[in-house]
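Heads up, the thing below is written out as C-alpha cells.
The values are calculated or read from the model by the stated rules, or taken from the named source; none is laboratory data. Given the structure is predicted, the values throughout are model-derived calculations rather than measurements. Neighbour counts are summed over all protein chains in view; Cβ atoms, including those assigned to glycine, are modelled from backbone coordinates with ideal geometry. Ligands, DNA and RNA are excluded from the accessible area calculation, which covers all protein heavy atoms including side chains. Shrake-Rupley method; radii C 1.70, N 1.55, O 1.52, S 1.80 Å.
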Amino acid sequence: MTTRLTTTDGRSVLRMERRLAHPPERVWSALVEADRLATWFPSGATIEPRVGGKVVFGFGGDGVVTDLDPPRLIAFTWETDHLRFELSPDGDGSLLLLVHTFDDRAGAASFAAGWDSCLAVLDGAGPVDHRVLHERYVEELGLSEPAVTGTAQAWEVRVERQLVHPVDEVRAVLDGEPWEFLEGTGHGARVRLVRSGAGAAERDRAVRDLRSAVTALVERLGGAPVTREPAVP
C-alpha cells in the first residue's frame, strides 16, 4: 500500500492506494451496497446512488454523494470529512485509491491505520494489529515532528501526538510534566507540549527537546495496550 499525507487549502489529505485481487466491477458493489459495506467499512452505511444523494452512517451522522461514475468513482461527505474512492483495472485485479480529506492532522495515523485495516478486510486478508499500524504511520507520515510558528525573535514550538493508550495510563507515566490533554481521534489519549521564546538557537533547541520528549513518552508507555476499534472519520 502507498500512503501519503499532504495539505490542500488548509486541510489534511490522506491518499492510500492498494491493489485488490478482484476487478473493479466486483469491487464496486462493496463500495456502494449496504450489505457489502457492512463487511468492511468502519461504519454501516446506506448510500442513495446519485449525485446529491443522502448517505446515512450506522455510527451516526449523515453525508451527501458528491461524485458518482459507476464502476469507477464514488465520493461523499461524512460530516465535515470527505471520502473519495477511485477504482481502475490492474491486470486481473484493480487499484483502489482512497482520498480522505479532514481537519485533524494529528489524527492522520489513526485514520491511516483504520483504513489500512478496513481495506485489508475488503481484500479478504486476515486481521491486522491496529496498534502497530498506528505507530508505524505516525513515523511514516511525520506526525511526531514539532511545528514551529513565528519568527526567530518570537517563536512557538509545539508537538501534538495522538496515542493508542488511554488517558489514565498516559497520566501515570507523565510524572508532572507539562503536557496538555486534548480531544483526539480514535480511542487513545491526545497530548500536546508547547514551548515559546526568542532566538534562533533557543528555538532549534526547543524543537530537539520536544522531539525527544515525544520519543521518551512513547518509550515509557512501553508499547500499545489492548487492541481497540479503528478510528472513523
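Name the residue, out of ARG4, ARG36, that is open to solvent by 30 Å² or more (accessible area, probe 1.4 Å) and either closer than 30 Å to GLY142 by Cα or in a loop (DSSP other than H, G, I, E, B) (or both).
Residue meeting the stated conditions: ARG4.
Answer yes or no: is there a residue in region 53-70 that is farther than 27 Å from ASP129 by Cβ, among the basic types (Lys, Arg) and open to solvent by less than 70 Å² (accessible area, probe 1.4 Å).
Within region 53-70 (the criterion being farther than 27 Å from ASP129 by Cβ, among the basic types (Lys, Arg) and open to solvent by less than 70 Å² (accessible area, probe 1.4 Å)), the answer is no, since none of the residues qualifies.
Filter region 135-155 for residues that are more than 18 Å from ARG105 (Cα to Cα), open to solvent by less than 60 Å² (accessible area, probe 1.4 Å) and of a type outside the set (A, V, I, L, M) and give the result.
TRP155
Got a sec? Which strands (runs of 3 or more DSSP E) wholly within region 70-180 have at least 3 residues that are over 24 Å from GLU33 (Cβ atoms)?
Output list reads 147-151, 154-162.
When you look at THR80, is it closer than 26 Å to THR6 by Cα, of a type outside the set (Asp, Glu) and surrounded by fewer than 15 Cβ atoms within 10 Å (Cβ to Cβ), yes or no?
yes
All but one of (1) on the phi > 0 side of the Ramachandran plot; (2) surrounded by 15 or more Cβ atoms within 10 Å (Cβ to Cβ) hold for ALA30; which doesn't?
Just one mismatch for ALA30, condition (1).
Could you tell me which of the residues ASP129, ASP92, ASP123 is open to solvent by less than 50 Å² (accessible area, probe 1.4 Å), of a type in the set (D, E, K, R) and touching a residue at least 12 places away in the same chain (Cβ under 8 Å)?
Only one candidate qualifies: ASP123.
With the structure loaded, tell me whether ALA213 is among the hydrophobic types (A, V, I, L, M, F, W, C), in contact with a strand residue (DSSP E or B) (Cβ under 7 Å, 6 or more places away or on another chain) and surrounded by 15 or more Cβ atoms within 10 Å (Cβ to Cβ) or whether it fails that test. Steps first, please.
Working: among the hydrophobic types (A, V, I, L, M, F, W, C): yes; in contact with a strand residue (DSSP E or B) (Cβ under 7 Å, 6 or more places away or on another chain): yes; surrounded by 15 or more Cβ atoms within 10 Å (Cβ to Cβ): yes.
Judged against the criteria, ALA213 is a match.
Residue by residue through region 7-22, note down the ones that are open to solvent by 50 Å² or more (accessible area, probe 1.4 Å) and closer than 17 Å to ALA125 by Cα.
Result: GLU17, ARG19, ALA21, HIS22.
Give me the residue from region 181-210 that is outside any helix (DSSP H, G or I) and basic (Lys, Arg) and, out of that set, least open to solvent (accessible area, probe 1.4 Å). Steps first, answer last, please.
Of region 181-210, the ones outside any helix (DSSP H, G or I) are 181-199.
Keeping just the survivors that are basic (Lys, Arg) gives 190, 192, 195.
Values: ARG190: 5, ARG192: 49, ARG195: 97 Å².
For region 181-210, the residue satisfying everything is ARG190.
Per-residue answers, yes or no, for (1) under 12 Å from the mean Cα position of the chain (by Cα); (2) charged (D, E, K, R):
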site: PRO71; (1), (2): no, no
site: HIS82; (1), (2): no, no
site: LEU87; (1), (2): no, no
site: SER94; (1), (2): no, no
site: VAL99; (1), (2): yes, no
site: ASP103; (1), (2): yes, yes
site: PHE111; (1), (2): yes, no
